[in-house]
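Below is one structure, written out as structure tokens, with a few remarks after it.
The values are calculated or read from the model by the stated rules, or taken from the named source; none is laboratory data. Remember, predicted model here, so these are calculated numbers, not experimental data. Using ideal geometry, Cβ is built from the backbone for each residue, glycine included, and neighbour counts are taken over all protein chains shown.
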Amino acid sequence: MGRREEWLRIGAVVVIVAILALLFLRDNSPEERTSTPDRSDVTPSDPVVVEPSQDPTDAETVPSPPAGLEDLVCQQFRQPLRLRLLSFNTHRSTGTVNAIAEEILEIDPDIVLLQEVDRKMLRTGSVDQAEVLADAVGMDGSFSSNLVRGSGQYGTLILSKYDVVQQGRIPLVRNPRSEARGLQWVTIDVDGRPVRVYNTHLDATRPAVRLAQAQQVADVLADDDLPVVLGGDLNAWPASAAVATIGRQLTDTWTTSGVGREDTSRGGRKIDYLFVRGLKPLVSQVAPSGASDHNRLWADVRLTAPDTCGEDSGKDSGEG
């Protein structure tokens, strides 16, 4: 996804460069210049005076771009982009890392949010699942650790076809006896437009802790002015207070564009989500998985450009 728009932009740039080259050659054509005197009749003793040219067509100047050219370039880079998002709890790739990679590639996403990813954990053969998955799908990867056990780590992973330019993690509140949780975030450069992507996995057993974590996530989102994607395993039903808390900040892609089955985990439960702000949901679907105990949730969204070139689109974009 997004590749067609990229090729259109490249084509536009090639056309613009060709126009400038033709203008330059035309303005510097030898046939249009005033001919210089034949110096073969001039002896070394004769004074030679070069008269300054008063003809503006003779001036060695760089041709100005045609009127409206800057607008044309601006408009090309302001075209809407269609992006495909995927949220997938991999269940520590117990169905093998290669199987998870294949199921990611089947969806052909631009941005992937994975939960329950191991890095060099003994329980999964000390495989660096984050590195293997990033290499297998050919994407930029950012891993965020929630648990360290010896030389191994366990956490979340964001994969992107676009460059990751910033990354970080915000620890979430938890019960002392519960598993550590975090809000992973990255900033990606989508053809010159920054987009913030959040990935999380909320508490599975304590509703009060889960609600407190959701409120913490919502507070972070409230301060973010960029277009936002939030996905992950919230361990909460659609009608829950935790989902409603996050929904006050973002738009649930499934609510606005979901098609077909909605169960994302065993038992027919929907506990995985993709939310956006500053992007328009187009379609969302659940794809079954044979490699995990969760199904794959994907959504197509449109990233629209700001009204003025060079400005970011975010909270005030009117979408999501």
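Data for the structure
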quantity: Residue in the stretch 161-176 that is assigned to a strand (DSSP E or B) and under 24 Å from GLU102 (Cβ atoms) present; calculated: yes
quantity: Verdict on ILE111 being assigned by TED's automatic domain parsing to the domain that holds LEU279 and in contact (Cβ under 8 Å) with a residue 60 or more places away in the chain; calculated: yes
quantity: Hits in the stretch 153-168 - residues which are buried (at least 18 other Cβ atoms within 10 Å of the Cβ) and either closer than 18 Å to GLY125 by Cβ or of a type outside the set (Val, Ile, Thr) (or both); calculated: GLN153, TYR154, GLY155, LEU157, LEU159, SER160, LYS161, TYR162
